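Only the coordinates and a few stated rules stand behind these numbers; no lab work does. From a predicted model like this one, the values you see are computed outputs, not experimental measurements. Heads up, the Cβs are rebuilt from the backbone with ideal geometry, glycines too, and the neighbour counts pull from every protein chain shown.
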Amino acid sequence: MRVSTRVVLLLALLASLLSFAKFNHCAQTGWQSPDQYVHACYSDIPALYGERGLDKGVWAYSSGADSVEYPVIQGAIMWITAKVIPHGINNYFYTSALLLALLFIFISFITFKMKPEFGYLLPLAPAAVASLYINWDLWAIAMMMLAIYWFDRKAEVASAVALGIAISTKFLPIFLLIPIAIIFFRQERISKFVKYAAIFIATFALINLPVALTTPEGWWRFYDLNLNRGSDWGSLWYAL
């Protein structure tokens, strides 16, 4: 089913507002447990605001033990947001939520631009509405979608840069390299893939090296945590 750009943007806005209504319950009740789990409105955003010292202006990677468990760009976003807004956990959450809502609308628009016939599916997805403000991952997804969009339009340099930024925000987009490599190899454009990979690696290194060299323990914490992570709340193994 094809819909207009206006309809997609309106659906994305409505989804953002519905999700905010769900999460705002916890903001109004002080993010208390078990209430935030009963009402399914838990969010990492207020939880890490205090636990990682963001409320005190502490740099996101200054401590190996208490650094944020996110890659460099996401950690910088968390820290900058805490620095520029008025003090307070709800101010921090509301500002972060506003930025995430704008990102979700942008992602819905990019999805529509790539596949107009499927453009309505993302803002109508129950999982999106239920989890929109649970953390900062939409920052990475936005860059990942740009990488896909530009690759689809043969803007391969821009795509590689966007992918390097995306992986510096959340590591999941690295899996895009698999289908991208397959496409290049099937088209017998091996040298183009080497160039793409080199640009992606250079972008990732340019973003990460300053933090890795100045606060190596804090920078490494995200990778160490995920390399040695056991079963967690999102895993069926935890239930077993």
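Tabulated data for the structure shown
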item: For the chain, built as a Gaussian network whose Cα springs stay under 10 Å, the top-fluctuating residue of 95, 81, 29; result: 29
item: Computed E for residue 178/residue 58 - FRET, C-beta separation, R0 41 angstrom, nearest 0.05; result: 0.65
item: Residue among 84, 161, 72 with the largest mean-square fluctuation in a Gaussian network model of the chain, springs linking Cα atoms under 10 Å; result: 84
item: Length gained when the stretch residue 25-residue 37 is fully extended (0.36 nm per residue, less Cα-Cα span); result: 3.2 nm
item: Proximal charge balance of residue 113 [Cβ under 14 Å; K/R count +1, D/E count -1]; result: +2
item: Around residue 197: net Lys/Arg minus Asp/Glu count, Cβ-Cβ under 14 Å; result: +2
item: Theoretical FRET efficiency, 1/(1+(r/R0)^6), r = Cβ-Cβ of residue 195 and residue 14, R0 25 Å, to 0.05; result: 0.05
item: Full-extension gain in nm, residue 152 to residue 7, via 0.36 nm per residue minus C-alpha separation; result: 49.8 nm
item: Qualifying lysines (Cα of each under 20 Å from Cα of residue 83; at least 8 residues distant if same chain); result: 56
item: Surrounding net charge for residue 152, when Lys and Arg each add one and Asp and Glu each subtract one, Cβ distance under 11 Å; result: +3
item: Mean Kyte hydropathy of 0.5 or more with a Cα span along the axis of at least 15 Å, helices from DSSP in the chain; result: 5-28, 72-84, 89-114, 138-152, 156-167, 190-214
item: Residue 99 versus residue 80: modelled label distance in nm, points set 7 Å from Cα along the beta carbon direction; result: 0.7 nm
item: Kirkwood Rh (inverse of mean 1/r, distinct Cα pairs), the chain, angstrom; result: 19.3 Å
item: Ranking of 70, 37, 92, 42 by count of other Cβ atoms within 10 Å, fewest first; result: 37, 42, 92, 70
